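I have placed the structure first, in the form of structure tokens, so that the comments after it can refer back to it.
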Number of protein chains: 2
Amino acid sequence: MHSQQELTKIVNDALQQIKMNPNVDRLYQPIRYAIDNGGKRIRPVLMLMAYNLYRDDISRIINNALAMEVYHNFTLLHDDVMDKAEMRRGKPCVHVKWDENTAILSGDTMLAMAYRLMSENDDFFNEKDVSLAQYQAMRDATATFNQATIGVCEGQQLDMDFEAMDDVAEEQYMEMIRLKTSLLLSCSLKIGAQLACASQEDCDLLYTFGEKIGLAFQLQDDLLDVYGDPKVFGKNIGGDIVENKKTFMLIKALESADSTSRELLEQWIAKKEFDRQQKIDAVTYIYNVCDIRAVCEKKIETLFEEGMDALARLNVEEEKKEPLRGFAMNLMKRNS
Amino acid sequence: MHSQQELTKIVNDALQQIKMNPNVDRLYQPIRYAIDNGGKRIRPVLMLMAYNLYRDDISRIINNALAMEVYHNFTLLHDDVMDKAEMRRGKPCVHVKWDENTAILSGDTMLAMAYRLMSENDDFFNEKDVSLAQYQAMRDATATFNQATIGVCEGQQLDMDFEAMDDVAEEQYMEMIRLKTSLLLSCSLKIGAQLACASQEDCDLLYTFGEKIGLAFQLQDDLLDVYGDPKVFGKNIGGDIVENKKTFMLIKALESADSTSRELLEQWIAKKEFDRQQKIDAVTYIYNVCDIRAVCEKKIETLFEEGMDALARLNVEEEKKEPLRGFAMNLMKRNS
């Protein structure tokens, strides 16, 4: 059984080994740059952890884990183009450092590379007794990967749609963040289990674990955007408020506020010109009046518990679950 | 054995059946629009023709054929964004009709859909005796598909690189059009043969056939851009000359012209302001002096013959090769 730290190192080392055609340097330089630009490698590590619940030989599925990480980095690259973002993890985005066409084409290539890594994993088949079960496991895992790659695109589209919408329902928002944030976590875990030929029940439980933890994490991110410590959070507080982002908090506030507060909130949303800090303070004040923080924390708590419950029900020795439990705790920065 | 016309109809009907999530309409409308916008469906038809050389049950690989067509349409969609093209087959491009972000994201989704079609082809496995050989065939075909998807991106990058280069060698140009144009034809044919469990030799011969015919077709396109009949060619004559596109003809002219002609050619290339028709006439005149038309026609002839030779060497009854032979003739608009 490997620790999160060990797995992260294994993933980072393997990412360095991905082969890229040196004759098309201008295509692969940005790809190398995007992949090297850090990140916690959460998704491939989760895949390896899930596999590791059932089998020790994690080297067999390294390529599949890399596929998920390359796919994730592709989404960041294209999202940055679409959002016209300038910086990613403290460095200029690919479309800033190079240009937009380079970012589009390098991103496309990364998506194709992700699928190549997913399908051309000779390590998985390098045993002498290649069996139908192995092929079936690969086929199931590929179907899950497809679900992830298409679902994330759908989530990105919904996110863009919501920008232009006045009223987004809680249910719609949760579905959007499920697709955009949770799906890669839940599918990473499920793929790990599928490749280990785990039972359907365990595959589904791991999927649920990832889904719930992912949702809890995204809601916590929304919460920290309002109530976080700027020194710890690393982003400017209030960004979502300034941009009228239809977060869980805003949706809940619009839903539960009395008519006066609701009117005030709508006025702030409609304002084209405003003082940034004044808007943040005013909206936060309304959130406070409506006790939105507690509502959000309760929701996070419930989702987290549901995720941990799915993990608890997994048909695997308790001690083997420790890395995944620790991972979830760590992700939510919880001590207990 | 199916005719080209029958296969085209089968492909067009099947394209209509591709499932798209109705809850994310804004994502799938442009995809439907792009797919419906015609085209000759050359690549999926070639795949089915190759399969049909060995087996009759072409319905088993329809999804694989669709995968290639959806992939091809994805490349057109993103290429149009990168080229800032306005129209595609007489209709506004997706990024014009909607916007650039929509075009990027819908394109990404099409690439993922192509891979889903490639991998989730239950029809291929729906026989009772699922065998290792079938899985192996799928695995080989997927590797060929990966080669195509990544190679085309590389070709597009080289094409963009060449715009900024002064001297592109013939060899470099041929490699670029091999990747950008030929590869999807050769890989379509090879995948069809692989899924039919044809011999490695036949798979390679079909690949060569597609590659050579594809190269011949692209060179003919270059030639028609200069010497074509505007009424038949459908594009404005001389577009490549105006844009200084490093085509086979320009490369050959720079290579073979005497110092006076070469200097003149370089002057026209360097000119920032010029009368369009004057430039076309001047460059065409130099091409005529250097007899570039004959050089190009000779090259096309050789490539075409090499392609037909590969087809002739295929270990399949001669009459079965008729559809592919007819296809090649038709593509080159040849009567013999």
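The values are calculated or read from the model by the stated rules, or taken from the named source; none is laboratory data. Remember, it's a predicted structure, so these values are computed and weren't measured experimentally. Every residue, glycine among them, receives a Cβ derived from its backbone with ideal geometry; neighbour counts consider all protein chains shown. Calculation scope for accessible area: heavy atoms of the full protein, side chains included, ligands and nucleic acids excluded. Shrake-Rupley method; radii C 1.70, N 1.55, O 1.52, S 1.80 Å.
Taking the helices alone, the protein assembly as shown has a mean residue ellipticity at 222 nm of -23000 deg cm²/dmol, built from -39,500 (n - 2.57) per DSSP H run of at least 4 residues and averaged over all its residues. Straight-line reach from B:Lys91: taking Cα to Cα under 14 Å and skipping same-chain neighbours fewer than 8 places apart, the aspartates and glutamates in range are B:Asp36, B:Asp80. A full extension of the chain between A:Asp275 and A:Glu255 corresponds to an added length of 4.7 nm, given 0.36 nm per residue minus the alpha carbon distance. Counting only alpha carbon atoms, the long axis of helix A:100-119 and the longest principal axis of chain A meet at about 50°. Assuming charge only on the beta carbon of Lys and Arg (+1) and of Asp and Glu (-1), the dipole of chain A about its Cα centre is about 920 debye to the nearest 20. Helix B:259-270 and the longest principal axis of the Cα set of chain B meet at an angle near 70°. For the residues B:Asn52, B:Asn64, B:Asn146, a GNM of chain B with alpha-carbon springs under 10 Å puts the largest fluctuation on B:Asn146.
Annotation note: trypsin sites (Lys or Arg not before Pro) in the range A:113-210 located in DSSP loop regions with a Cβ neighbour count of at most 11 within 10 Å are A:Lys128.
What is the distance in Å between the Cα centres of the range B:225-277 and the range A:269-297? First find each Cα centre; the distance between them is then 62 Å. Taking all protein chains together and rolling a 1.4 Å probe, A:Thr247 ends up with roughly 10 Å² accessible.
Semi-axis lengths, largest first, of the ellipsoid equivalent to the range B:191-336 are 37, 15, 13 Å, with √(5λ) applied to each eigenvalue of the Cα gyration tensor. A point 7 Å from Cα along Cα→Cβ stands in for B:Glu255, and the other copies hold the same point at 6.9 nm, listed in rising order.
Compared with the dominant Cα axis of chain A, that is its longest principal axis, helix A:25-36 is turned about 70°. On full extension, the segment bounded by B:Glu266 and B:Gln172 gains 31.9 nm, given 0.36 nm per residue less the C-alpha separation. Across the accessible surface of chain B, with the other protein chains kept in place and a 1.4 Å probe, carbon and sulfur atoms take up 48 percent. With label points defined 7 Å past Cα in the direction of Cβ, position B:Glu6 shows copy-to-copy spacings of 6.0 nm, given to one decimal and shortest first. Give me the net charge for the shell around B:Tyr33: Cβ to Cβ below 14 angstrom, other residues only, Lys and Arg +1, Asp and Glu -1. That sum, taken over residues with Cβ under 14 Å, equals +2. Where the centroid of each part is defined by its Cα atoms, how far is the range A:17-36 from the range A:118-189 in Å? What the calculation gives is 24 Å, centre to centre.
The three principal axes of the C-alpha atoms in the range B:1-64 carry coordinate ranges of 41, 21, 14 Å, sorted with the longest axis first.
Shown here: the protein assembly as shown, whose C-alpha atoms stretch 83, 64, 43 Å along the first, second and third principal axes, sorted largest to smallest. Projecting the Cα atoms of B:Ala141, A:Ala328, A:Val168 onto the charge dipole of the protein assembly as shown (Cβ charges, centred on the Cα centre) puts A:Val168 farthest toward the positive pole. With the convex hull of the Cα atoms taken as the outline of the range B:1-123, the averaged projected area works out to 7.4 nm². On the basis of the beta-carbon distance and an R0 of 41 Å, A:Lys91 and A:Glu201 show a calculated FRET efficiency of 0.45. Both radii were evaluated on the Cα set of chain B; the Rg over Rh quotient, with Rh as the Kirkwood radius, amounts to 0.99.
Per residue, the range A:18-171 exposes 37 Å² of solvent-accessible protein surface, assessed with a 1.4 angstrom probe and all protein chains in place. Between the chain alone and the structure with every protein chain in place, find the residues of the range B:145-167 that drop at least 40 Å² of accessible area; heavy atoms, 1.4 Å probe. Listed by number, the residues meeting the 40 Å² cut-off are B:Asn146, B:Ile150, B:Cys153, B:Glu154, B:Gln157. A run of chain A free of exposed loop cleavage sites, with GluC sites (Glu not before Pro) counted only in DSSP states other than H, G, I, E and B and at most 13 other beta carbons within 10 Å, reaches its longest extent at A:128-242. Each other copy places its own label point for B:Glu243 at 3.5 nm from this one, sorted shortest first, where the point lies 7 Å along the Cα-to-beta carbon line.
Please report, to two decimal places, log10 I(q)/I(0) for the range A:210-255 at q = 0.16 Å⁻¹ as given by the Debye formula with identical point scatterers on the Cα atoms and no solvent. Taken in order of the listed q values, log10 I(q)/I(0) reads -0.44. The A and B chains share an interface that buries close to 4000 Å² of accessible area, total over both sides, probe 1.4 Å. Pairs exceeding 29 Å between alpha-carbon atoms, taken from B:Lys40/B:Lys252; A:Lys235/B:Lys97; A:Lys212/A:Lys245; A:Lys84/A:Lys235: B:Lys40/B:Lys252; A:Lys235/B:Lys97.
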